[in-house]
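Peer 1: Here it is, the structure, as structure tokens.
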Amino acid sequence: MKHNLKKCLPVLLAALVMLSTVTIQPFSVKAEESLDIEAESAILVDAETGKIIYAKNPDMELPPASMTKIMTEYLVQEAVEEGQISWDTTTQISDYPYSISANNDFSGVGLTQDKDYTVKQLYDAMAINSDNATTIALAELIAGSEGEFVKMMNEKAEEMGLPEYEFVNSTGLANSSLGENVPEGTDADATNLLSARSAALLAYNLIEDYPQALEVSGTPSAEFDDQTMTNWNWMLPHGEGEATYLQQYNYEGMDGLKTGYTDLAGYSFTGTSERDGNRYISVVMKTESEEARFEQTAKLMDYGFNQFETQEIFPAGYQLEDESAIPVSKGKEDTVQVAINEAFSAPVTGEQAENYSIEYQLDEDRLNEDGELTAPIEEGETIGTAEVVYNGEEDYGYIFPDSNQQTIDLVAQNTVEKDNWFMLTLGAIGGFFADIFGAVVDTVKGWF
């Protein structure tokens, strides 16, 4: 019996090793099977490429609450960039934002009238502490009234290509909470609406155009009028002794972006985090609790950082083997070499990179009736596009509007000069006689 056990022991150990290997394998790369996000709507986007990694009801319009302020932040940054205002510009608080500041039901630092506040002070209070009154004060400063600012918000949303949106105020509060201060042109019972896809695209634009915004949104706490204001983003790296109860939610690389809560909206959060040069943008909308919005965000971020790696799929200069040369007419050469002018990279997991392919789309305006390019052609000249196609089972596409496929310029790799007039004339004459000869042959064939 002992002898038999010794003989079986290696087999048993091997079986245990195999079993343990199976149990510790990472979860499936299929997001809908592996990722259970407890939110009404959610999305995860690679910030470098705009590739959507995960989505759950991404087009459902929901109240974003204070995530609205991301648009206000964008417009303030734009006004500073264009010289309309500066960070040192001062303004005073009108009756409307003062009434909001005095209302303990709304988040804020507490403003006073007959006092100058700089744009920088107001912006920081908005981005860090989600202050509603400072948000309104900035809207009034830039546009003259919140009603006019709302028009700017909707115009910018259209310009960005946000697919689902409606802005009725600058803060994300329900209009019914504003009393007699409902912005002109909006309904008293209206509320802002965004989809998770739109919120992610809005965040993408802010980070892409004004990356300095992350310096503020990533600040755990700051001073305002001799008081400390705390960031509502619990996932920021709070230090020891500073909001220690929040340290369990700290997330490596987190530096933004905006929380949101109202009774109607529930608990929402647009987050962004960067590690080793890779940045993700996540959105969760209508989670059940303040803790849940950060827990679900951590799930999304872990999925992105642990399961995906950005790889160069096609290098600059890549050519399709059977389509590397395009025919050319009226040139000193009969063909021109073509290739993509820049590399294509994408976040992939497992062997997904093998599912990508490229299809050439030549500029039809450049082609003659025989499908040929016409000389002259300069090296580096764009002659079409290369469409990157994903042939895998699951593809959420890209965050950009009307962009399910990525395109790269297709450019000439060499110069093809136009043939001289003598050779062109000779070719035309040869073609003329060839046509006559062909017609004669056809006629003679008809006699028999």
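Peer 1: Listed here are the pairs 115/151; 120/299; 115/258; 51/299; 56/286; 56/156; which of them are more than 23 Å apart at the Cα?
Peer 2: Checking Cα-Cα distances, 115/151; 120/299; 115/258; 56/156 exceed 23 Å.
Peer 1: For residue 95 and residue 389, compute 0.36 nm times the residue count separating them, minus their Cα-Cα distance, and round to one decimal in nm.
Peer 2: 100.3 nm
Peer 1: Would you work out which of 198, 102, 43 lies farthest towards the positive end of the dipole of the range 31-307? Charges go on Cβ: Lys and Arg +1, Asp and Glu -1.
Peer 2: Checked the options; the winner is 43.
Peer 1: Return the whole-Å distance between the Cα centroid of the range 248-262 and the Cα centroid of the range 382-404.
Peer 2: 31 Å
Peer 1: List the pair-distance distribution P(r) of the range 312-421, using every Cα-Cα distance, as the percent of pairs falling in each 5 Å bin from 0 up to the bin containing the longest distance, rounded to whole percents.
Peer 2: Values per bin, smallest distances first: 2, 12, 20, 21, 16, 11, 8, 6, 3, 1, 0, 0.
Peer 1: Report the gain in length on full extension from residue 381 to residue 189: 0.36 nm times residue separation, minus Cα-Cα distance, nm rounded to one decimal.
Peer 2: Extending this stretch completely gives an extra 63.6 nm.
Peer 1: Name the GluC sites (Glu not before Pro) in the range 143-248 that are in a loop by DSSP and that have at most 13 other C-beta atoms within 10 Å, would you?
Peer 2: Listed in order of number, the matching sites are 184, 240, 242.
Peer 1: Taking 0.36 nm per residue of separation and subtracting the Cα-Cα distance, what length does fully extending residue 413 through residue 354 add?
Peer 2: Extending this stretch completely gives an extra 18.7 nm.
Peer 1: Report, in whole Å, the centroid distance computed from the Cα atoms of the range 164-239 and the range 79-149.
Peer 2: After rounding, the separation between the Cα centres reads 13 Å.
Peer 1: Can you give me the long-range amide H partners of residue 331? Hydrogens built in the peptide plane at 1.01 Å from N, cutoff under 5 Å, separation of 5 or more residues or another chain.
Peer 2: Result for residue 331 returns 375, 419.
Every read-out reported here was derived from the displayed coordinates using simple, explicitly stated rules and does not represent laboratory data. Computed from a predicted structure; not experimentally measured. As a convention, Cβ positions derive from the backbone with ideal geometry for all residues, glycine included, and neighbour counts pool all protein chains shown.
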